[in-house]
Amino acid sequence: MNNICELLNIKYPIIQGGMAWVADANLASAVSNAGGLGLIAGGNAPKDIIREEIHKCRNLTDKTFGVNVMLLSPFVDEIIDLIIEEKIAVITTGAGNPAKYIDRLKEANVKIIPVVPSIALAQRMEKLKADAVIVEGTEAGGHIGELTTMVLTPQVADSVSIPVIAAGGIADGRGIAAAFALGAQGVQVGTRFICSEECNVHENYKTMVLKSKDRDAIVTGRITGHPVRTLKNKLAKDILSMEKQGIDPEEIDKKGIGSLRLATKDGDIHNGSFMAGQIASIIKDVKPCKDIIEDMVNQAKNIMPSIKL
Ligand code: TUI
């Protein structure tokens, strides 16, 4: 059996990305019910909101699901407490180093799978007894690292003994087969699940992804030190222009405040932050999570019959 499936008691080693304002109980339960690992995104939300989503998710699935902890959140400490109180089976972490939380989580039997953008952090996480690592290439949407999935996956796979899950640029079975060829034992998929029937984002968000072209997922914030990949629109262009003009990074950061909500809830195509990966443009339809996952798995198996899925 596949190591990731065994570790998490799931059918397919397909982990849903922890997309803030996108991944609620509805999406997480749909991915878990389809045999993957669904996760509720903590994002910047406070404890009470996440607790509600956890309870909703429990009513929607009896399968394993998890919580994604965004480490830049001001509420990280209380969310870690909540995860332990609620006996969550597994967490993924992003946008920082979760070292100081690992001992407590392991003691409470919570599995921990950090996103790492480098070999050094992967090795550090292995030493601290993380259960697996997600290597997220710069192709991904949202907050990104420097290296690509293509180069990061084999290097990390050669550098640690814990299972490696590849992320960034994977939206079909070709991506899964490629990731496994590079040494991954699982994949994390984000953008593809935005265009699922169970994803509760505003229709305009799904349309933005469906209409996107190969060069539309651009990076802002390289100058402020918080690079974020979003689909090109007025907000992204305004931010890039402010960066070029050398405007104070704090002023630029202010422009982004509230923009994820504008994208996901209001569908504000001009002022919203439509986070998406570079693979967005291969997504051509909205379908149930079950079909997304099964189509990906079948395509990967056709390409690579020996694949352990
Ligand atoms: O976290 C993500 N993607 C995200 S988080 C997010 S919310 C946000 N919104 C605006 C600005 C910033 C965040 C939207 N998308 N992906 C996982 C990820 N983790 N990518 C890169 C990293 C990462 C970076 C540095 C992980 C660890 C790390 O460690 C640095 C250190 O301290 O060693």
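The values are calculated or read from the model by the stated rules, or taken from the named source; none is laboratory data. Bear in mind that the values here come from a model prediction, so they are computed numbers and not experimental data. Here Cβ is always computed from backbone atoms with ideal geometry, including for glycine, and neighbour counts include all displayed protein chains. Areas reflect the complete protein model, heavy atoms only, side chains present, ligands, DNA and RNA absent. Shrake-Rupley method; radii C 1.70, N 1.55, O 1.52, S 1.80 Å.
Quick notes on this structure:
- Enclosed volume per residue, in Å³, of the convex hull spanned by Cα atoms of the stretch 213-275: 71
- Using Cβ point charges alone (K and R +1, D and E -1), the dipole size of the chain about the Cα centre works out to roughly 500 debye.
- Just the protein heavy atoms count here, and of the accessible area of the chain at 1.4 Å, carbon and sulfur take up 50 percent.
- Cross-link partners of LYS213 among aspartates and glutamates, defined as those whose alpha carbon lies under 16 angstrom from its own and excluding same-chain residues fewer than eight positions apart: GLU139, ASP285.
- Annotation: amide H-H contacts under 5 Å for MET275 (H modelled 1.01 Å from N, sequence separation of 5 or more, or interchain): LEU231.
- The alpha carbons of the stretch 250-309 occupy a box of 52, 24, 17 Å along the principal axes, longest dimension given first.
- With the Kirkwood sum run over all distinct C-alpha pairs, the chain has a hydrodynamic radius of 19.1 Å.
- Surface exposure of the chain, expressed per residue as accessible area with a 1.4 Å probe, stands at 44 Å².
- Residues with amide H under 5 Å from that of LYS111, placed H, sequence gap 5 or more: VAL90, ILE91
- Estimated translational D of the stretch 1-152 in µm²/s (Stokes, Kirkwood radius over Cα pairs; 4 °C; 1.567 mPa s): 85
- LYS284-GLU250 FRET efficiency (beta carbon distance; Förster radius 41 Å; 0.05 resolution): 0.55
- Ignoring aspartates and glutamates fewer than eight residues from LYS11 along the same chain, the ones with Cα atoms less than 14 angstrom from its Cα are ASP62, GLU294.
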